[in-house]
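Chemist: Just passing along the structure, written as structure tokens.
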Amino acid sequence: MVHQRETVRVGVLGCGNVSSRYVANLAGQPEVTVVACADADPARARALAATHQVPQVRSVDELLTGPGVDLVLNLTPPRAHADLTLRALDHGRHVYTEKPLATSLADARCIVETAQARSLRVGAAPDTFLGAGARACAKLIAAGRIGVPVSVNATMMNAGPERFHPEPEFLYQEGAGPLFDIGPYYLAVLTALMGPVARVGALGATPRAERTVLTGPRAGVTFEVGTFTHVTSVLEFASGALGTLVTSFDVAATRAPHLEIHGTEGTIVAAQANSWGGPVLVKGKGDADFTEVVAGPTAADGFMGMGLVDLARSILTDRPAAATAARGFHILEILTAISTSAHTNGRFTPVHSTLTAP
């Protein structure tokens, strides 16, 4: 479906913690215009509109069914992603959703098939693989700087989002936790660089049954944990390369590299995969030491929402998008397989994906 206008009109659904960052980043991007916002809590929508000069505040139903919106930016909690994405598709809207695409493979497949049936497009975060850091890694691999990639080590370890998030409870429930909350960023980059994953094995742990909110007006409130907060997984890529991925909300401090890619002739050391930039260092065959090819974070590295902008360009020009629902589906397949393995004491679990991108 090609739009005849020069910009895609975006309605923001979900005006919580991350919405302000999205709207600020989209301002000035000619391919998109944020025209409306909505939230189950109207006060949140009004606050977002006032802060960022969003022209209209609508109810959720009005945003999904009313005129003047081409694409819904779904920033609701993960458990609501599938239902609201499907409702938007049913009303002829394209959708770009925060990760994950859905919380079950059945719902994710329904999204992809519905979009295909209606000739609509669905994009899914994360989009960090489009940033300067991951693109530099891809170029180094393509140029043969490290030979044939044979392994990758990735770590995302911190003390948990209750340190900075005023309402972190949902991040500690099934379908979230460090694996489903931050794991998608790493898997988006790893699969972009190493190709699809064929099977996984994993172990998980929950050292603390309760957590405490540490910031904002609810500081001091305790809540129960409903998912693994530390997951160590092994990945076997379809290429035969192997990898490890550790995601944890239980680590007070670490000096482990965020991302290393090892080849037959060298190694790439990259920044954390939930960022868009560097630093990126490489040591190839014959090199005396690592050299920096991308410096530390800069404003030109990329931004949260660049996947949505790319999706809008694809709608306007009828070309393939990068952060597609099919990519999001494969990431969810990997996450689900890791979770299954962790719940079955490390039993290796296959990953199969045959979907194409809408």
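The values are calculated or read from the model by the stated rules, or taken from the named source; none is laboratory data. Keep in mind that what you see is a predicted model, and the values were worked out from it rather than measured. Neighbour counts are summed over all protein chains in view; Cβ atoms, including those assigned to glycine, are modelled from backbone coordinates with ideal geometry.
Chemist: From the residues in the stretch 1-47 that are assigned to a helix (DSSP H, G or I) and free of Cβ contacts under 8 Å to residues at least 24 places away in the same chain, which one is nearest to GLN116 (Cα to Cα)?
Modeler: Start the filter on the stretch 1-47 by keeping residues that are assigned to a helix (DSSP H, G or I), which leaves 19-26, 42-47.
Going one step further and asking which of them are free of Cβ contacts under 8 Å to residues at least 24 places away in the same chain, we end up with 42-43, 46.
Numbers: PRO42: 32, ALA43: 35, ARG46: 34 Å.
Ranking the qualifying residues of the stretch 1-47, first place goes to PRO42.
Chemist: Could you figure out which of (1) at pLDDT 95 or above; (2) surrounded by fewer than 17 Cβ atoms within 10 Å (Cβ to Cβ); (3) assigned to a loop (DSSP other than H, G, I, E, B); (4) at negative phi isn't true of ALA138?
Modeler: (3)
Rundown of residues vs (1) closer than 17 Å to LEU335 by Cβ; (2) of a type outside the set (Phe, Trp, Tyr), yes/no style:
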residue: ASP181; (1), (2): yes, yes
residue: THR191; (1), (2): yes, yes
residue: VAL197; (1), (2): yes, yes
residue: ALA202; (1), (2): yes, yes
residue: PRO207; (1), (2): no, yes
residue: ARG211; (1), (2): no, yes
residue: PHE223; (1), (2): no, no
residue: THR229; (1), (2): yes, yes
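Chemist: So, one more: Which of the residues spanning the stretch 92-115 are in contact (Cβ under 8 Å) with a residue 24 or more places away in the chain and assigned to a helix (DSSP H, G or I)?
Modeler: Across the stretch 92-115, the qualifying residues are LEU105, ASP107, ALA108, ARG109, CYS110, ILE111, VAL112, THR114, ALA115.
Chemist: Determine whether the stretch 131-151 contains at least one residue that is touching a Ser or Thr at 6+ places or on another chain (Cβ under 7 Å) and of a type in the set (Ser, Thr, Tyr).
Modeler: Looking through the stretch 131-151, none of the residues is touching a Ser or Thr at 6+ places or on another chain (Cβ under 7 Å) and of a type in the set (Ser, Thr, Tyr).
Chemist: Tell me, which strands (runs of 3 or more DSSP E) wholly within the stretch 226-305 include 2 or more residues that are crowded, with 23+ Cβ neighbours inside 10 Å? Let's see the steps before the verdict.
Modeler: Values: elements: 230-237, 242-248, 259-263, 267-270, 280-283, 291-294.
Here the list reads 230-237, 242-248, 259-263, 267-270, 280-283.
Chemist: Also: Go through the stretch 306-317 and report how many residues are closer than 15 Å to HIS94 by Cβ and within 14 Å of the chain's Cα centre (by Cα).
Modeler: Initial filter on the stretch 306-317 (closer than 15 Å to HIS94 by Cβ): 307-317.
Of the ones still in play, those that are also within 14 Å of the chain's Cα centre (by Cα) are 307-308.
Looking only at that region, the number is 2.
Chemist: In addition: In the list ARG208, ARG145, which residue meets the criterion of being of a type in the set (D, E, K, R), within 24 Å of THR128 (Cβ to Cβ) and assigned to a loop (DSSP other than H, G, I, E, B)?
Modeler: Values: ARG208 fails: within 24 Å of THR128 (Cβ to Cβ).
None of the other options fit; the residue is ARG145.
Chemist: Follow-up question, since we're still on this one. Could you figure out which of (1) part of a helix (DSSP H, G or I); (2) assigned by TED's automatic domain parsing to the domain that holds LEU242 isn't true of LEU89?
Modeler: Evaluating LEU89 over (1) part of a helix (DSSP H, G or I); (2) assigned by TED's automatic domain parsing to the domain that holds LEU242 leaves (2) as the failure.
Chemist: Can you name the condition, by its number, that ALA270 falls short on among (1) touching a Cys at 6+ places or on another chain (Cβ under 8 Å); (2) at pLDDT below 95?
Modeler: So ALA270 meets the others, but not (2).
Chemist: Name, by its number, the condition in (1) among the polar types (S, T, N, Q); (2) touching a helix residue (DSSP H, G or I) at 6+ places or on another chain (Cβ under 7 Å); (3) over 26 Å from ALA176 (Cβ atoms) that does not hold for GLN116.
Modeler: Among (1) among the polar types (S, T, N, Q); (2) touching a helix residue (DSSP H, G or I) at 6+ places or on another chain (Cβ under 7 Å); (3) over 26 Å from ALA176 (Cβ atoms), the lone unmet condition for GLN116 is (2).
Chemist: ALA117 - would you say it is crowded, with 18+ Cβ neighbours inside 10 Å, out of contact with any Phe, Trp or Tyr (no Cβ under 7 Å at 6 or more places or on another chain) and not assigned by TED's automatic domain parsing to the domain that holds GLU292? Can you show your working first?
Modeler: Working: crowded, with 18+ Cβ neighbours inside 10 Å: no; out of contact with any Phe, Trp or Tyr (no Cβ under 7 Å at 6 or more places or on another chain): yes; not assigned by TED's automatic domain parsing to the domain that holds GLU292: yes.
It is false that ALA117 is crowded, with 18+ Cβ neighbours inside 10 Å, out of contact with any Phe, Trp or Tyr (no Cβ under 7 Å at 6 or more places or on another chain) and not assigned by TED's automatic domain parsing to the domain that holds GLU292.
Chemist: Which of (1) crowded, with 23+ Cβ neighbours inside 10 Å; (2) at positive phi does ASP318 not meet, given it meets every other one?
Modeler: Exception for ASP318: condition (1).
Chemist: Something else now. Mind checking which residues of the stretch 344-358 are modelled with pLDDT of 95 or more and either of a type in the set (Phe, Trp, Tyr) or in contact with a Phe, Trp or Tyr (Cβ under 7 Å, 6 or more places away or on another chain) (or both)?
Modeler: Of everything in the stretch 344-358, just one residue is modelled with pLDDT of 95 or more and either of a type in the set (Phe, Trp, Tyr) or in contact with a Phe, Trp or Tyr (Cβ under 7 Å, 6 or more places away or on another chain) (or both), namely PHE348.
Chemist: Are any residues in the stretch 48-71 crowded, with 17+ Cβ neighbours inside 10 Å and either among the aromatic types (Phe, Trp, Tyr) or part of a loop (DSSP other than H, G, I, E, B) (or both), and if so, which ones? Walk me through it before giving the result.
Modeler: Narrowing the stretch 48-71 to residues crowded, with 17+ Cβ neighbours inside 10 Å: 48-49, 52, 54, 56-58, 60, 63-64, 69-71.
Across the stretch 48-71, the qualifying residues are VAL54, ARG58, VAL69, ASP70.
Chemist: Which one of the conditions (1) touching a Gly at 6+ places or on another chain (Cβ under 6 Å); (2) more than 30 Å from PRO178 (Cα to Cα); (3) of a type outside the set (Gly, Ala, Ser) does THR76 fail to meet, given that it meets all the rest?
Modeler: Of (1) touching a Gly at 6+ places or on another chain (Cβ under 6 Å); (2) more than 30 Å from PRO178 (Cα to Cα); (3) of a type outside the set (Gly, Ala, Ser), only one is false for THR76: (2).
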